[in-house]
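Working notes, structure below.
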Amino acid sequence: MLRRCKSVVGRLRHVKLSSTRSLSTSQCLHDYTAVNEPIRDYLPGSTDRERLEKRLSYFSNTCSDVPIVIGDDVYTTSDVRHQVMPFDHQKKLAKFSYADKALIQKAIDVAVKAQRDWERQSYEKRADVFLRAAKLMQEEYRMDLMASTMLGQAKTIIQAEIDSTCELIDFLNFNVMFGHEATKYQPISLGSITNTLSYRGMEGFWASVTPFNFTAIGGNLSSAPAIAGNTVLWKPSDTAVLSNYTVFKIFREAGLPPGVINFVPADGPVFGGAVTSSPHLAGVNFTGSVETFETLWKSISANLPNFRSFPRMIGECGGKNYHLVHPSADLDSVVNGTVMSAFEFGGQKCSACSRLFLPQSCAQEVIDRLVAIQEEIKVGSPLLVENYLSAVIDDKAFTRIKGYIDHARSSESCEILAGGGYDDSKGYFIQPTIILCKDPNDKLLTEEIFGPVLSIYVYDEKEVVDLLTRIDSNTRYGLTGSIYAKDSEVVDSWKDFLRFSAGNMYINDKSTGSVVGQQPFGGARKSGTNDKAGGPHYLLKFMSPLAIKTNSATLGDWRYKYMTEK
């Protein structure tokens, strides 16, 4: 892997960083078909479990140095930060430093310079780097990805597996395949005219701003532009910096040339201000809050006259996702799907179920079963296999989620049915909480919470149209939604009525768990730009096609035929 630089507090220095494997063209894409990475079990006594426990032990007892990497140079600054374990926040997992404005500008200069050579590489050569990275992730570094994600983002074994390995590997493999398929199209050529389409990258650089909640998103948002021929400044989340740096190192070991992806931890506003003021900005690939995305968009709008090209904006900003239940629904699916969607990973998935709409006829049965399961759920360290979920990501998230629970406790229109406890003395722990809301306009049913809080509203079956209207219009989001019904006419009717309420809709299934290549993911409204990561058209967002017309015949006259008629 990559050599490390010892951090120097108070001054800036850099050392050379070299990838250990050269670029090759061993992979033939003509017959390449991506397949989804199988989910492993990690059963007691298995080789996978033993390997994982060794890497967990290593990372648990090591405060890893995470540098700023620009081109082939490694930097640290005096603005030192630490990533802690959310479930044991006195334990430091990684030490990193923020890039200042000058370093960010250096990264921009390096990326712009590297873009010319990288973009001129064939698609096959660029793709080969990321196919090789996927191979390294499958075996050699799988447990490093797992351990850094479990410890740094408080994910259980299964949540780390489906994210940091399976989904990330899928993103790389499927993006390569989809990009290859998308660029097969060539325009019609007739007679002496030959028409071609060259699928270029974009001039300048892309800024990838990535979240804490999915290691795979960090890897995808940084690599997708690069596969298409672009160079990238990758700003990871402070609370996922170790797992993201692990991904970056794998990219470099797989043969990614220096300067193509630059790893730039930084303060959000400083990074945003630097990239949006650069005339070379090609686009922003973003996952995070609505407010941050709007700030970036406003900054770009304010600087429009200064850009060499109009920057593209790709954003995914969360949701207020629903499970809508009809009296004909299979209640086993409703109960189990809602528990999984609302409480896995502490409700910190963009697609997590946050509001449950139950008909009066079966509401009490569903509520009783949900409460019974909530009492069985254990919360604690992700290193203990009996725990279903662990801590939320940091003190800010803890305070925000706690505020919603306190609101429910003090509101006359809300009743806490289960949970409601929280404790941040050791880790940022919040109990899975189930709340009954009588007011359909309560903020628990309209605002994104991003935590293990499920709000329930019981509806009158005679007022379904009013209910559907509220579901569709009571929030600013449009990410995911689930309809539970066996009645096919109801499914068709509700699906049509709510067609703009979600970018990913599920029928008789939970609102989480989209799989690359199976359910391309993204929502509209304030949930984002709905560019469908994990789908066949995503890579085209990072391309700037060049159409070329070649005429092999002589142009014999400047006049049109009708001009010579007598």
Output for the range 480-507, where each listed residue is in contact with a helix residue (DSSP H, G or I) (Cβ under 8 Å, 6 or more places away or on another chain) and of a type in the set (V, I, T): I483, I507
State yes or no: is K561 farther than 18 Å from L356 by Cβ and of a type outside the set (A, V, I, L, M, F, W, C)? yes
Can you name every residue in the range 425-468 that is in a loop (DSSP other than H, G, I, E, B) and free of Cβ contacts under 8 Å to residues at least 60 places away in the same chain? S425, Q431, K438, D439, P440, N441, D442
Being under 29 Å from Q186 (Cα atoms) and basic (K, R) is the filter here, so list the residues in the range 539-566 that pass it. K541, K549
Filter result for G315 (open to solvent by less than 10 Å² (accessible area, probe 1.4 Å) and in a loop (DSSP other than H, G, I, E, B)): no
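Within the range 551-563, is even one residue of a type in the set (A, V, I, L, M, F, W, C), assigned to a loop (DSSP other than H, G, I, E, B), over 17 Å from G315 (Cα atoms) and open to solvent by less than 30 Å² (accessible area, probe 1.4 Å)? Let's see the steps before the verdict.
So in the range 551-563, the residues of a type in the set (A, V, I, L, M, F, W, C) come out as 553, 555, 558, 563.
Next cut, assigned to a loop (DSSP other than H, G, I, E, B) only: 553, 555, 558.
Pick out the ones that are also over 17 Å from G315 (Cα atoms) and you get 553, 555, 558.
Subsequent filtering for residues that are open to solvent by less than 30 Å² (accessible area, probe 1.4 Å) retains none.
No, the range 551-563 contains no residue that is of a type in the set (A, V, I, L, M, F, W, C), assigned to a loop (DSSP other than H, G, I, E, B), over 17 Å from G315 (Cα atoms) and open to solvent by less than 30 Å² (accessible area, probe 1.4 Å).
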(1) more than 24 Å from D100 (Cβ to Cβ); (2) in a helix (DSSP H, G or I) all hold for K249 apart from (1)
Does R40 satisfy the criteria of being in a loop (DSSP other than H, G, I, E, B), at pLDDT 95 or above and within 16 Å of A147 (Cα to Cα)? yes
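If you go through the range 514-533, how many residues are open to solvent by less than 70 Å² (accessible area, probe 1.4 Å) and either more than 21 Å from G288 (Cβ to Cβ) or polar (S, T, N, Q) (or both)?
To start, the set of residues in the range 514-533 that are open to solvent by less than 70 Å² (accessible area, probe 1.4 Å) comprises 514-517, 519-524, 527-533.
This time we only want the ones that are either more than 21 Å from G288 (Cβ to Cβ) or polar (S, T, N, Q) (or both), so: 514-515, 517, 519, 527, 529-530.
Summing the residues that are open to solvent by less than 70 Å² (accessible area, probe 1.4 Å) and either more than 21 Å from G288 (Cβ to Cβ) or polar (S, T, N, Q) (or both) in the range 514-533 gives 7.
Determine which member of the set P545, P536 is touching a residue at least 24 places away in the same chain (Cβ under 8 Å), open to solvent by 50 Å² or more (accessible area, probe 1.4 Å), in a loop (DSSP other than H, G, I, E, B) and not aliphatic (A, V, I, L, M). Step through it out loud before you land on a result.
Working: P545 fails: in a loop (DSSP other than H, G, I, E, B).
Checking each option against the conditions leaves just P536.
How about the range 139-172: which of its residues are open to solvent by 20 Å² or more (accessible area, probe 1.4 Å) and farther than 25 Å from T62 by Cβ?
Of the residues in the range 139-172, the ones open to solvent by 20 Å² or more (accessible area, probe 1.4 Å) are 139-141, 144, 157-158, 162, 167.
Result: I162, E167.
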Hits in the range 345-385 (condition: in contact with a Leu (Cβ under 7 Å, 6 or more places away or on another chain), assigned to a helix (DSSP H, G or I) and crowded, with 24+ Cβ neighbours inside 10 Å): F345, G346
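Restrict the check to the range 262-279 and report whether at least one residue is within 19 Å of A160 (Cβ to Cβ) and surrounded by 24 or more Cβ atoms within 10 Å (Cβ to Cβ).
No: the range 262-279 contains no residue that is within 19 Å of A160 (Cβ to Cβ) and surrounded by 24 or more Cβ atoms within 10 Å (Cβ to Cβ).
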For the condition open to solvent by 10 Å² or more (accessible area, probe 1.4 Å), at pLDDT 95 or above and of a type outside the set (D, E, K, R), what is the one hit in S299, S341? S299
Across the range 57-101, which residue is nearest to S222 (Cα to Cα) among those that are in a loop (DSSP other than H, G, I, E, B) and among the small types (G, A, S)? G71
In this structure, does K396 turn out to be touching a Phe, Trp or Tyr at 6+ places or on another chain (Cβ under 6 Å), charged (D, E, K, R) and part of a helix (DSSP H, G or I)? no
Residues in the range 312-353 that are within 30 Å of L539 (Cα to Cα) and free of Cβ contacts under 8 Å to residues at least 60 places away in the same chain: how many? 0
Tally, over the range 519-534, of residues that are farther than 16 Å from C166 by Cα and among the hydrophobic types (A, V, I, L, M, F, W, C): 1
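With the structure loaded, tell me whether I471 is buried (at least 19 other Cβ atoms within 10 Å of the Cβ), among the aliphatic types (A, V, I, L, M) and farther than 28 Å from I39 by Cα or whether it fails that test.
Values: buried (at least 19 other Cβ atoms within 10 Å of the Cβ): yes; among the aliphatic types (A, V, I, L, M): yes; farther than 28 Å from I39 by Cα: yes.
Yes: the conditions hold for I471.
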Pairs only if they're at least six apart or on different chains, beta carbon under 7 angstrom, first in the range 91-118 and surrounded by fewer than 21 Cβ atoms within 10 Å (Cβ to Cβ), second aromatic (F, W, Y); list them, first residue then second. V112/F205
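Can you say whether S493 is on the phi < 0 side of the Ramachandran plot and assigned to a helix (DSSP H, G or I), as far as the supplied structure shows? Walk me through how you get there before you give the answer.
On the way: on the phi < 0 side of the Ramachandran plot: yes; assigned to a helix (DSSP H, G or I): yes.
So S493 passes the test.
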Go through (1) within 30 Å of Q90 (Cβ to Cβ); (2) in contact with an Asp or Glu (Cβ under 7 Å, 6 or more places away or on another chain) for I157 and report which single condition fails. (2)
Name the one entry in A111, A133 that is over 21 Å from L242 (Cα atoms) and either among the hydrophobic types (A, V, I, L, M, F, W, C) or part of a helix (DSSP H, G or I) (or both). A111
Scan the range 418-457 for residues that are touching a Cys at 6+ places or on another chain (Cβ under 9 Å), hydrophobic (A, V, I, L, M, F, W, C) and open to solvent by 10 Å² or more (accessible area, probe 1.4 Å) and jot them down. L436, F450
Going through the range 280-296 in order, the residues found to be out of contact with any strand residue (DSSP E or B) (no Cβ under 8 Å at 6 or more places or on another chain) and either crowded, with 18+ Cβ neighbours inside 10 Å or in contact (Cβ under 8 Å) with a residue 12 or more places away in the chain (or both) are S289, V290, T295
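The values are calculated or read from the model by the stated rules, or taken from the named source; none is laboratory data. These numbers were taken from a predicted model, which means no experiment stands behind them. Reconstructed Cβ throughout: ideal geometry from the backbone, glycine too, with neighbour counts over all protein chains shown. Note: areas computed on protein heavy atoms with side chains; ligands, DNA, RNA excluded. Shrake-Rupley method; radii C 1.70, N 1.55, O 1.52, S 1.80 Å.
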